[in-house]
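What follows is a single structure, written as structure tokens, with notes after it.
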Amino acid sequence: MSLLYGEPDFAFGQLMLTLRLATGLTQANLAEFLGISRHAIGEWEAGHSYPKPRHLKNFIAVCLKHHVFAAGNEAEEIQALWKAAHQKVLLEEGWVQELLVQQSSQLKNEPPASTPPLIQQRPNTVHSNLFVTESIPKQICRALPSTKGLIRF
């Protein structure tokens, strides 16, 4: 989503930059993981555009995986990020709760309690202990182990 008129949203850009840096990913690594250009990430961080909902959901999952959100306040911080990104669709509260339950289960090294997978299988996707697709380089896969089951579109 692009800002057609008006000033850049510097507060949103700073938020996206801060969150990405907290994950330890470069713009290029995050862009490859999300399936978009590095330029798009730069536009978000400059406050010139907003991510599409599916990209924002993937970004949220990455942030959760890297424990970027404050423990115990993850849902509130996810809601604040969604609102700051001026999304035209509502944030699915059920999706957020499932994501948090799965993250909590992974932290406890327990399998998630029979919840449906949140990532839709894409062609050419291989799952093991790492989330791997043909378009994601191995260094990103190592940085994002077991993101399997975190995203639904």
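The values are calculated or read from the model by the stated rules, or taken from the named source; none is laboratory data. Fair warning: this is a prediction, and the values are worked out from it, not measured in the lab. Ideal geometry is used to build each Cβ from the backbone, glycine not excepted, and the neighbour counts take in all protein chains shown.
Please verify whether segment 23-33 includes one or more residues that are assigned to a loop (DSSP other than H, G, I, E, B), within 18 Å of residue 83 (Cβ to Cβ) and of a type in the set (A, V, I, L, M, F, W, C). No: zero hits.
Of the residues 79, 103, 87, which is in contact with an Asp or Glu (Cβ under 9 Å, 6 or more places away or on another chain), farther than 21 Å from residue 24 by Cβ and modelled with pLDDT of 50 or more? Outline the logic, then answer.
Numbers: 103 fails: farther than 21 Å from residue 24 by Cβ; 87 fails: in contact with an Asp or Glu (Cβ under 9 Å, 6 or more places away or on another chain).
The unique qualifying residue is 79.
Given the conditions (1) within 24 Å of residue 106 (Cα to Cα); (2) surrounded by fewer than 20 Cβ atoms within 10 Å (Cβ to Cβ); (3) among the acidic types (Asp, Glu), and given that residue 7 satisfies all but one, which numbered condition is not satisfied? The single condition residue 7 does not satisfy is (1). State all residues of segment 68-100 that are of a type in the set (Asp, Glu) and in a helix (DSSP H, G or I); if no residue qualifies, say none. The answer is 74, 76, 77, 93, 98.
Given (1) crowded, with 17+ Cβ neighbours inside 10 Å; (2) charged (D, E, K, R); (3) within 28 Å of residue 94 (Cβ to Cβ), where does residue 76 come up short, assuming only one miss? Just one mismatch for residue 76, condition (1). Does residue 54 satisfy the criteria of being surrounded by 17 or more Cβ atoms within 10 Å (Cβ to Cβ), of a type in the set (Lys, Arg) and assigned to a helix (DSSP H, G or I)? Taking the combined requirement at face value, the residue does not satisfy it.
Would you say residue 36 is within 21 Å of residue 99 (Cβ to Cβ), β-branched (Val, Ile, Thr) and assigned to a loop (DSSP other than H, G, I, E, B)?
Working: within 21 Å of residue 99 (Cβ to Cβ): yes; β-branched (Val, Ile, Thr): yes; assigned to a loop (DSSP other than H, G, I, E, B): yes.
So residue 36 passes the test.
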